[in-house]
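Quick one: the structure is below, and I'll ask about it shortly.
The values are calculated or read from the model by the stated rules, or taken from the named source; none is laboratory data. Since the model is a prediction, treat every value here as computed from it, not as a measurement. Cβ: placed from backbone, ideal geometry, glycine included. Neighbour counts: every protein chain shown.
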Amino acid sequence: MNKIIEMELSEISNLIQSGKLKVCVIGIGRIGLPTALSFANSGLYTVGVDINPTLVSNINSGIFPLKDEPGYDAIFENVLKDKKFSATTKIENIVPYSDVILLSLPTPMDQNNIPIYSALKSVGKQLHDLLTPGSMVIVESTVEPGFVEDELVSIIQGSDGRLEAGKNFGIGVCPETANPGQILNDFERLPRLVGATDEKTANIITKIYKHVFTVDLIPMPDCKTANAVKLTTNVFRDINIAFVNELAILFEKIGIDIMTVLEAAKTKYNFQVHYPGAGVGGPCLPVNSYQMLNLAKKIDPNLLSIVKAGRIINESMPQHVINLLKEGFLESGKNIVDSEILILGVSYKPDVKDIQLTPAEPIIEKLKILKCKVKIYDPYFKSTDVFGIKTEHNLVDALSNADAVIIITAHKEFHDLDPLFLKTRMKTPILIDSRGVVNQHAAKTAGLVFRGLGRGKI
């Protein structure tokens, strides 16, 4: 292996161009796998490490697991054919012989909304034992500012003096910024942040990433600043969605259609549009807000009250959807108890197969408390088990005997829903649209009992 931390940038350039730089990506899930494939596609031999043996086996058998990531299926086939990429569960066989180790590990929350860094800490302990002096560690996982400098560096270094950051190994960050469902597009157009514990490491990371990605690389003064930028952008979105969600509830009560308001408002040059919905899910926005709150709590618990308020609002939206459903049943004169409710879409965002922190889950739990029978149709989860419910294979069959339909995810398929089609297929024609995908006038004309989040009354 090459001791790149000791090499000049020109030597590293030659190493990269010759394809002799060896890369290891630890964590090959939703973001880690596309990252590893991008490195392999640039000509660098890359090995993905993961604790999931089924995932590793499927990858090595040529089965691409991310069917909802356009473009990466072809890259996957090419790098496997060229023997530039493989996967393994055995970290001990790869890390000692790798020049660059990328960490793309999950950072979820516990039941008290405290960020969990156990995966990163566990790998950090392994790196202490396995890392060869001269190599480079790059953290792509989203962590709160200060975690890398204050915790991870110490874990990797240990107390035996074998490893010292900035001296005989490098450590820095390059937080990922991609959106699931469009990762390749984002990797090709969104600038990346680079921060490190020392200037030489930052320069080496920049050199490597310029070879792999064609986007601008923005230098940060340190790791914590780079991580702060990543969190700030996502927390900003979470807060703005909360604002729009509250507006939606207000406008419902006074007969204003929030979609009309937002479409007009976004014509103003400095208005960044966000849309209301059943809640905010996924591995980023809710987690990132709580990461920022966890940081603030260590400094001053009174700070970031607006972030706390935003979380309360966004986490209340599933209940608001239930309230809209109850209104629909009151208007129809039907009893919600023992009714059959069809959920359209369980993914946390449109056109991806991902249910992490999806608002569909609390909505389903609330429906069960109301003693409703719940059915699920999602084009990305056909004939499988989601939240203990066997999902429907097709929409037509799913609609039969339905007393109400709730649109939770704005998949493309649902934008083409014909209200008259719904009316003729349903047992009781109640439609709750939490994503603004159905024309409310068409819904009323078709004879549906319609409630749209933030749509007012017509």
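Find the residue count for region 144-176, including only residues that are touching a Pro at 6+ places or on another chain (Cβ under 8 Å) and under 20 Å from D99 (Cβ atoms).
Total satisfying the criteria: 4.
Does any residue in region 377-405 that is of a type in the set (F, W, Y) come within less than 6 Å, Cβ to Cβ, of a residue that is in a helix (DSSP H, G or I) six or more places away or on a different chain, and which pairs are these?
Qualifying pairs under 6 Å: Y377/L395; Y377/A398; F387/E361; F387/I364.
A further question on this structure: What are the residues in region 265-288 that are assigned to a helix (DSSP H, G or I) and either free of Cβ contacts under 8 Å to residues at least 60 places away in the same chain or over 20 Å from R311 (Cβ atoms) (or both), if any?
Result: A265, L285.
Among the numbered conditions (1) surrounded by 17 or more Cβ atoms within 10 Å (Cβ to Cβ); (2) in contact with a helix residue (DSSP H, G or I) (Cβ under 6 Å, 6 or more places away or on another chain); (3) hydrophobic (A, V, I, L, M, F, W, C); (4) without any contact (Cβ under 8 Å) to a residue 24 or more places away in the chain, tell me where L262 comes up short.
L262 satisfies every listed condition except (2).
Still on this model: When region 274-304 is examined, which residues are found to be of a type in the set (V, I, T) and farther than 14 Å from I239 by Cβ?
Within region 274-304, V287, I299 qualify.
Additional query: Can you find a residue that is in a helix (DSSP H, G or I), at negative phi and crowded, with 16+ Cβ neighbours inside 10 Å anywhere in region 367-388?
yes
Looking at the structure I just gave you, is V194 hydrophobic (A, V, I, L, M, F, W, C), without any contact (Cβ under 8 Å) to a residue 60 or more places away in the chain, assigned to a loop (DSSP other than H, G, I, E, B) and more than 30 Å from N323 (Cβ to Cβ)?
no
Restricting the search to region 201-257, which residues are in a helix (DSSP H, G or I), without any contact (Cβ under 8 Å) to a residue 40 or more places away in the chain, in the same structural domain as V23 (by TED's automatic domain parsing) and not basic (K, R)?
Scanning region 201-257 gives A202, T206, Y209.
For the subset of region 210-228 comprising residues that are among the β-branched types (V, I, T) and crowded, with 16+ Cβ neighbours inside 10 Å, which member is farthest from K308 (Cα to Cα)?
Restricting to residues being among the β-branched types (V, I, T) and crowded, with 16+ Cβ neighbours inside 10 Å, the top hit is V212.
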